[in-house]
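Read through the structure below, which is laid out as structure tokens, and then see the notes.
The values are calculated or read from the model by the stated rules, or taken from the named source; none is laboratory data. Computed from a predicted model, the values in this text were never measured in an experiment. Here the Cβ positions follow ideal geometry from the backbone for every residue, glycine too, while neighbour counts run over all protein chains shown. Please note that ligands, DNA and RNA were not included when accessible areas were found on the heavy atoms of the full protein model with its side chains. Shrake-Rupley method; radii C 1.70, N 1.55, O 1.52, S 1.80 Å.
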Amino acid sequence: MRAAIFRNGEIVVDRMAEPKPGNGQVLVRTLACGICGSDLHARLHAPRMVEMARKTGRKPMDLARDVVFGHEFCCEIVDYGPGTARKLKPGTRVCSLPALVTPQGIEGIGYSNDNIGGYAEAMLLSEPLLLEVPNGPNMRR
């Protein structure tokens, strides 16, 4: 699949393997992804973000490896991994917190070498964090 990849301080378009959904995960196709000010900041000041992550106890990006930004996204469900309830049918539009629930705890999406963000054609989301995106202005609570 294609992705806008942060590599060696630049954002380049390249190909990468499509992710495979694991336990409790959903494979989604990115429909839209906003460019956040944090992404622009990361592009220019990634070493500072790594330093801040270390100081706050968060897992920092490894800038020697590829990173796919994009944490403000709308996607559609493509497939489910094992251990999912499959409450929403494939093709359903969803959004999510930019996080994955893993056996090691909650991990961020987008500023991670392991959890690609919405600047890729496909990504993984955690099923319990999915929120269906309504079609039109009638939003239900």
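Brief remarks follow.
Residues checked against (1) among the hydrophobic types (A, V, I, L, M, F, W, C); (2) in contact with a helix residue (DSSP H, G or I) (Cβ under 6 Å, 6 or more places away or on another chain); (3) over 26 Å from LEU131 (Cβ atoms):
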position	(1), (2), (3)
ILE35	yes, no, no
PRO60	no, yes, yes
LEU63	yes, yes, yes
VAL67	yes, no, no
HIS71	no, no, no
ILE77	yes, no, no
THR92	no, no, no
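- Single residue of region 121-141 satisfying the filter (assigned to a loop (DSSP other than H, G, I, E, B) and more than 15 Å from ARG29 (Cβ to Cβ)) that is modelled with the highest pLDDT: PRO134
- Selection within region 115-125 - open to solvent by less than 30 Å² (accessible area, probe 1.4 Å) and under 25 Å from ARG48 (Cβ atoms): ASN115, ILE116, GLY117, GLY118, ALA120
- Matching entry among LYS20, LYS55, LYS87, LYS59 (being on the phi < 0 side of the Ramachandran plot, assigned to a helix (DSSP H, G or I) and basic (Lys, Arg)): LYS55
- Members of region 79-114 found to be open to solvent by 30 Å² or more (accessible area, probe 1.4 Å), under 17 Å from the mean Cα position of the chain (by Cα) and within 19 Å of ARG29 (Cβ to Cβ), listed by number: ASP79, ARG93, CYS95, LEU97, PRO98
- The number of residues in region 62-84 being in contact (Cβ under 8 Å) with a residue 60 or more places away in the chain, among the hydrophobic types (A, V, I, L, M, F, W, C) and not in a strand (DSSP E or B) comes to 2.
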